[in-house]
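The values are calculated or read from the model by the stated rules, or taken from the named source; none is laboratory data. Here the structure is a predicted model, which means the values were calculated and not measured. Cβ coordinates were reconstructed from backbone atoms using ideal geometry, including for glycine residues, and neighbour counts include every protein chain displayed. Note: accessible area is taken over every heavy atom of the protein model, side chains too, but ligands, DNA and RNA are not part of it. Shrake-Rupley method; radii C 1.70, N 1.55, O 1.52, S 1.80 Å.
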Amino acid sequence: MFHPANTIRSLLQTDLVTAPTREALNSRLNAPPRQPTFFSADEFALLQAVCDRLVPQEGREPSQRIDIASGIDLRLSENKSNGWRYDDMPPDGEAYRLGLRGFDESAQAWFGQPFRNLSPEQQDEVLAAVQALEAPGSTWDILPADHFFEELLAEAVENYYSHPLAQEEIGYVGMADAPGWQRIGLNNLEDREKKANSPT
Amino acid sequence: MTTTHDIVDAVVIGTGAGGAPLLARLARAGLRVVALEAGRHWNPKLDFATDERAQDKLFWNDERLSAGQDALAFGNNNSGTGVGGSTLHYTAYTPRAQPDDLRIRTEFGVGEDWPIEFDDLASYYEEVEQFLGVSGPSPYPWGPARNRGYALGPLPVNGAGQLMERGCRTLGIRTSPAANAALSAGYYQEGVGHRPGCTNRGFCQAGCTVGAKASMDVTYIPLALHYGAEVRPECFVTQLVRNASGRISEVVYIRNGQEERQRCHNVFLCAGAIETPRLLLLNGIGNSSGQVGRNLMAHTALQLWGEFDEDIRPYKGIPGAIISEDTHRPTNADFVGGYLLQSIGVMPLTYLSQMARGRGLWGPALKQAASAYNHVAGINILGDCLPYEHNYLELSDETDSRGLPKPRIFFSNGESEERMTAHADQLMRQIWDAAGACNVWTFPRNAHIIGTCRMGNNPDTAVVNADGRSFDIPNLYISDNSTFPSALSVNPALTIMSLALRTADKFLTSQRGTA
């Protein structure tokens, strides 16, 4: 298959990438769509809506969208942990279920609608309020909103930026390290790093 | 259940910086030694990807409960699993402690002195540095003069390092290439073989694929195997069984879901500052002092990030290229001890995940900040931390997949740590301003868990003596960061390894006395 030069997809086909690295990244690129196995269909749709606001993908074609929510669902299905959790939080699965309920509860309290029915601006208002510990709803009395939001955001970000297409978006080519790096100083780039990504 | 009727001289629990050097030392002396390691024995070339997600497998991901004002992160911070332990993902920064690091109470009237002197460690520092092939400047600008220079010259400096040099030069702060346990050239050691030089891959914290970084699996473990040690991976220790005389006669562990037992004359507990006290508390042993799990410390480790006009590509080169110890005892300090400064490169997921937690950015603001990744460089500190009554580990009521209680860890910085962090925050901002940074932000954190089974001379206040031997159980030794009486103002790995060799030598000497 043809891929534009200097994209991760084209790099992955070269020997600039080691076999284990290629395998890890290809498995994400080519992951088949999956149905949620931890969340209910409603919960999952809500989680997807939340992730769309946290990590927007508006410019991406539908076929290239990175399925952040599925990664979360898969982890919780497998009962995997990242090694720790805040002591004031319930176990991860319970925290997610509660937190999703909380988003809907806050949306109802302010706008009389479930979260998914809100406009993007309203959704952002709810999310910002949860993050700032200012969201209405009894759920947030039992679930520390700031810690929940931090965990959700960190996991969404990690799921998104571990995907090759997201790495391409920020101009990251560190996976193409099979030959090692000779030019490592400031403004000192290898040929495969040509596509500079400027912050401005 | 499998029972081996063989009685080995020693069982070593854990194969990280505390276990592996000791294992090799005991094996070299002709002892029959078995190491039990909870994680797998990886083949880095085949098993390690240049991908942070895929390398999650190097972390101790059994859930721990983090309490306190400054709850500690575990998993990819502060823990490891696999033959080699946390050294599989350490940055390989290997500065020596300075002599006054071991005398905090004498100098400041708080905290704790070590029951040993710097001179007790110096020859071991040198031995470990030469064996691992530490790359660094000779002479090293800080600390006492040395008998020998580093085994190899310093590693090349990456963008973050150049920026730290630039900023510090403007402010009159001395810098130096750091000492790193990663080879700047090929290196040969008898019993280990040839290891190639570093390829500047920058993924040290996700596992080295070339063998240049001196993780234990490519250094002391091969040496131990060379001398006849046995390493059993994927063995999770659950019980230390004592006989009528109070000595540990058997170690019980789970392998492939089955319970197995290994009889032994001695046990060396080297599971790190969380799992070591956890195992003692689970078994209700070795704790007549009541100090098991207490005195938990974690380095102040504030990180400061900034964006630069220059193309940095923070995934290249040894992440910690440049160091300064000019802040070891700052003249204007209003805190106990001191800290060091290090430049830091960073892998993308680590950076972006920290950004999510530290800045709370989402939506377009997140995407905007993430797009600057190639222009990001950081500096951080590692500084001393006092032991406090309020910082400790306990067993919770919640159980893990094995049915064992999860550990709960309480941690809150005290006034000294907060003042040190504020001092460092101000200084690092000046350095990054001078280097030309914009959009500077800081990520508060504490790193390296230390001190949960303190060593000392008094059995009422310490868990082990200066030789690492339990006050309660004569054939139980502890060798890892849990025995440190103070946190030190440097990364702990080199000191853990050096202390491990000393503990092994003290043990061997005591055995000769009784043989």
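If you plug the beta carbon distance of B:S396 and B:L508 into 1/(1 + (r/R0)^6) with R0 = 51 Å, you get a FRET efficiency near 0.85. Other residues whose C-beta falls under 10 angstrom from the C-beta of B:A35 contribute a net charge of -1, scoring Lys and Arg +1 and Asp and Glu -1. Measuring gaps between exposed loop sites in chain B (GluC sites (Glu not before Pro); DSSP loop; at most 15 other Cβ atoms within 10 Å), the longest gap, sites not included, is B:191-388. Excluding same-chain neighbours fewer than eight residues apart, the aspartates and glutamates reachable from B:K406 by a Cα-Cα span under 12 Å are A:D87, B:D62, B:E63, B:E275, B:E394, B:D397, B:E398. Which residues belonging to segment B:308-346 lose at least 30 Å² of 1.4 Å-probe accessible area when the assembly is complete, relative to their chain isolated? Residues passing the criterion (a loss of at least 30 Å², heavy atoms only) are B:E310, B:D311, B:R313, B:Y315, B:K316.
A crude spin-label estimate for the pair A:W110 and B:Q368, with each label 7 Å from Cα along the Cβ direction, gives 2.0 nm.
Its relative contact order, with pairs defined as Cα atoms under 8 Å and 6+ residues apart, puts segment B:25-141 at 17 percent. Each residue was assigned an accessible area with a 1.4 Å probe, and for A:D104 the value is about 50 Å².
Simple spin-label estimate for A:D15 and B:T461 gives 6.3 nm between the two label positions (7 Å along the Cα-to-Cβ direction from each Cα). I'd like the trypsin sites (Lys or Arg not before Pro) in segment B:168-201 restricted to DSSP loop residues with at most 13 other Cβ atoms within 10 Å, sorted by number. Answer by residue number: B:R174. Relative to the dominant Cα principal axis of chain B, helix B:159-171 is inclined by about 70°. Computed from Cα positions, the angle between helix A:145-161 and the longest principal axis of chain A comes to roughly 30 degrees. For the chain pair A and B, the buried solvent-accessible surface (1.4 Å probe, both sides summed) amounts to about 4900 Å².
Only Cα pairs under 8 Å and 6+ residues apart enter the sum, and on that basis the relative contact order of segment A:48-158 stands at 31 percent.
With 50 Å² as the minimum drop in accessible area between chain alone and full protein complex (1.4 Å probe), the qualifying residues in segment A:73-89 are A:S81, A:G83, A:W84, A:R85, A:D87. Computed with a 1.4 Å probe over protein heavy atoms only, the accessible surface of the protein assembly as shown comes to 36 Å² per residue. The fraction of accessible area contributed by carbon and sulfur in segment A:110-200 is 45 percent, rounded to a whole number (1.4 Å probe; ligands and nucleic acids excluded). Below 12 angstrom from the Cβ of A:Y86, what's the summed charge of the other residues (Lys, Arg +1; Asp, Glu -1)? So the surrounding residues net to -4. Take each residue of peptide A:164-171, count the partner chain Cβ atoms within 10 Å of its Cβ, and average: the result is 4. Summing charges over all other residues whose Cβ lies under 10 Å from the Cβ of B:S353, with Lys and Arg as +1 and Asp and Glu as -1, gives -2. Note: relative contact order over chain B, using C-alpha pairs below 8 Å and six or more positions apart, is 24 percent. Do any of A:K194/B:K45; B:K316/B:K367; A:K80/B:K45; A:K194/B:K367 go past 29 Å between their Cα atoms, and which? Result: no pair exceeds 29 Å. Where only DSSP H runs of four or more residues are counted, chain B gives -7500 deg cm²/dmol as its mean residue ellipticity at 222 nm, each run worth -39500 (n - 2.57). At most 14 other C-beta atoms within 10 Å and a DSSP loop state: those are the exposed GluC sites (Glu not before Pro) I care about. Give me the longest piece of chain A that has none. Counting only loop sites that pass the neighbour cut-off, the longest clear stretch is A:135-200.
Exposure check, 1.4 Å probe, all protein chains in place: B:D119 carries approximately 120 Å² of accessible surface.
Surface composition of segment B:275-406: carbon plus sulfur atoms contribute 45% of the solvent-accessible area (1.4 Å probe, protein chains only, all chains present). Selection among B:S138, B:G111, B:A122 by position relative to the dipole of segment B:86-140 gives B:S138 as farthest towards the positive end (Cβ unit charges, Cα centre). Axis of helix B:272-283 versus longest Cα principal axis of chain B: the two differ by about 30°, to the nearest ten degrees.
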